[in-house]
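A quick write-up on the structure given underneath.
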Amino acid sequence: MIVIAHLSDTHIDSEPRSIERTRAVVRYLEDLPYDLDAVLVTGDITDHGLPTEYEQARRLFSSRHPVMLCPGNHDRRDTFRTHLLEQAASTTPVNQVHRGDGVVIAMCDSSVPGKDEGFVSDETLTWLEDVLAETPESTPVLVGFHHPPARLHVPFIDGIRQFGAGRLHALADRHANLAAFLCGHAHTAAVTAFAGRPVLVAPGVVSTLRLPWEHRAHAQDHVHLDHPPALAFHIIDETGQLTTHFRHVRV
């Protein structure tokens, strides 16, 4: 059985609140009696993309479990690479692959520098196609990025979702081993579908989205700050069945 933890939107900044909430989630994962196959963090690692924020994030995400991270719209590719991944500076898309025992995880960069909405570049799509083509058909591939490629029926989020996703749909149609899309950005646990695959949205660590029917249309505050941080667990069993559980974490 494959067990993957999935969290998102830590928005680490200089304030203790974001740091304490992220630390609580990582501590929860470190205290598990089970060695996880991976921990995925689908974007908005930091709030402003500053070097000091990434250095704090690197310390917080130090773990006995394999950790994979991708950028969100609050991140900056250059400082993400140099101060979080400790790689050479570059503004090209940050794409990474993890080939585990019985699963492949492709973490894609859906960020668009200077914009809140998402878009998967041709460079990233070509990279993802190669990952899928190099993976045996019997091995499931989980594709992670920050922006959901489908509407969640929350106008604020749908206005800054991933656009141009028809190209991603066509790619999925060519590769039956693409098992699911994992993303964040919405600050709420959600499940929908795209290209015949589940889209599994991790809840936010730093805050929780207010759904449209939970507040008046003119309200400016889109998030709950008093809800506890949360995360998802994705399980793939011996038959290939994918199951997701959501958990809150006490700070």
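Residues considered: 161, 174. Of these, the only one that is among the charged types (D, E, K, R) and farther than 19 Å from residue 70 by Cα is 174. Here residue 49 fulfils each of the conditions (1) modelled with pLDDT of 95 or more; (2) in contact with an Asp or Glu (Cβ under 9 Å, 6 or more places away or on another chain); (3) within 27 Å of residue 179 (Cα to Cα); (4) not basic (Lys, Arg) apart from (3). Closer than 23 Å to residue 38 by Cβ, without any contact (Cβ under 8 Å) to a residue 40 or more places away in the chain and of a type in the set (A, V, I, L, M), is that true of residue 176? Yes.
Looking across region 59-77, the residues that are surrounded by 15 or more Cβ atoms within 10 Å (Cβ to Cβ) and over 12 Å from the mean Cα position of the chain (by Cα) come down to 60, 61, 65, 66, 74, 75, 76, 77. Being buried (at least 20 other Cβ atoms within 10 Å of the Cβ) and on the phi < 0 side of the Ramachandran plot is the requirement here; does residue 112 meet it? For residue 112, the condition - buried (at least 20 other Cβ atoms within 10 Å of the Cβ) and on the phi < 0 side of the Ramachandran plot - is not met. Candidates are the residues of region 29-52 that are part of a strand (DSSP E or B) and β-branched (Val, Ile, Thr); the one that is farthest from residue 74 (Cα to Cα) is 39. Checking each residue in region 115-139 for being assigned to a loop (DSSP other than H, G, I, E, B), surrounded by fewer than 19 Cβ atoms within 10 Å (Cβ to Cβ) and in contact (Cβ under 8 Å) with a residue 24 or more places away in the chain picks out 115, 116, 117, 121, 136, 137, 138, 139.
Inside region 55-100, can you point out the residues that are within 30 Å of residue 235 (Cβ to Cβ), small (Gly, Ala, Ser) and without any contact (Cβ under 8 Å) to a residue 60 or more places away in the chain?
If the condition is that a residue be within 30 Å of residue 235 (Cβ to Cβ), small (Gly, Ala, Ser) and without any contact (Cβ under 8 Å) to a residue 60 or more places away in the chain, then 57, 62, 63 are the ones that fit.
The values are calculated or read from the model by the stated rules, or taken from the named source; none is laboratory data. Predicted model only: the values in this text are computed from it and were never measured. Cβ sites come from the backbone with ideal geometry, for glycine too, and all protein chains shown count toward neighbours.
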